[in-house]
Amino acid sequence: MSLVEALAGPVGKAAVALLGSRLTVGGVTVRLTEVEAYSGTGEDPASHAHRGRTPRNAIMFGPAGYAYVYFTYGMHYCMNVVTGTEGTASAVLLRAGEVVDGLETARARRPAARSDAELARGPARLCSALGIERDFYGTYLLDGLLTEPTTPPGDISAGPRVGVTGAHDIPWRFWLTGDPTVSDYRRHVSRPRKGPAA
């Protein structure tokens, strides 16, 4: 099955198909090593589209193959690949990758990285290494930016998604088993709300 066909299918299968694929942006190429699947309206409390279409998430409603970029925590960009059929929201968060081309450019963008394995480990770091920001939202990826794996990706593991407050036990995080660029698993822990001052 081609990547185009896989992205048009169910989000879990699309996520697995992205592993080992290469994404080239801003003079850097990463081989995707970790992803997370997010379903659509009313089906997945962790999804940005869970409560319906908004100006922010509109691209998630398809068609497949476009970039959904968002700003988080007031400081980081993250990127998803839109999947599924047009009109039904779903997307795959790109969590980590191995820089396979443009290493010096990635290092310049991520000077705090202690090793090359850390350059694109984590969704915000991946976007930083690639130079992805808000203006990349809505970019079509299947005309050469995102390409199929050149070799089979190897063993694939699955487990719960990282840092989500809803549906955190759904095993929709997929990664290349044993790859050093895969991010550490951290389950979201809700912090107690502070009451009014006495």
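The values are calculated or read from the model by the stated rules, or taken from the named source; none is laboratory data. Being a predicted model, the structure only gives us computed values, none of them experimental. Every residue, glycine among them, receives a Cβ derived from its backbone with ideal geometry; neighbour counts consider all protein chains shown. Keep in mind that these areas ignore ligands, DNA and RNA; they rest on the heavy atoms of the full protein, side chains included. Shrake-Rupley method; radii C 1.70, N 1.55, O 1.52, S 1.80 Å.
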Find the residue count for the range 140-191, including only residues that are part of a loop (DSSP other than H, G, I, E, B), of a type in the set (F, W, Y) and at pLDDT 85 or above.
1
How about the range 45-98: which of its residues are of a type in the set (V, I, T), under 16 Å from Y140 (Cα atoms) and in a strand (DSSP E or B)?
V69, V81, V82, V92
In the range 1-43, anything β-branched (V, I, T) and either crowded, with 22+ Cβ neighbours inside 10 Å or modelled with pLDDT under 95 (or both) is listed as V4, V11, V28, V30, T33, V35, T41
Looking at G12, G20, which one is touching a residue at least 60 places away in the same chain (Cβ under 8 Å) and assigned to a helix (DSSP H, G or I)?
G12
Is it the case that H76 is surrounded by fewer than 21 Cβ atoms within 10 Å (Cβ to Cβ), out of contact with any Asp or Glu (no Cβ under 9 Å at 6 or more places or on another chain) and touching a residue at least 40 places away in the same chain (Cβ under 8 Å)?
yes
Hey, could you check the range 104-126 for residues that are over 20 Å from the mean Cα position of the chain (by Cα) and either basic (K, R) or open to solvent by less than 70 Å² (accessible area, probe 1.4 Å) (or both) and say which is farthest from V162 (Cα to Cα)?
T105
Can you find even one residue in the range 40-58 that is touching a strand residue (DSSP E or B) at 6+ places or on another chain (Cβ under 6 Å) and without any contact (Cβ under 8 Å) to a residue 40 or more places away in the chain?
no
Residues (among the hydrophobic types (A, V, I, L, M, F, W, C) and within 17 Å of V162 (Cα to Cα)) located in the range 28-54
L32, V35, A37, A46
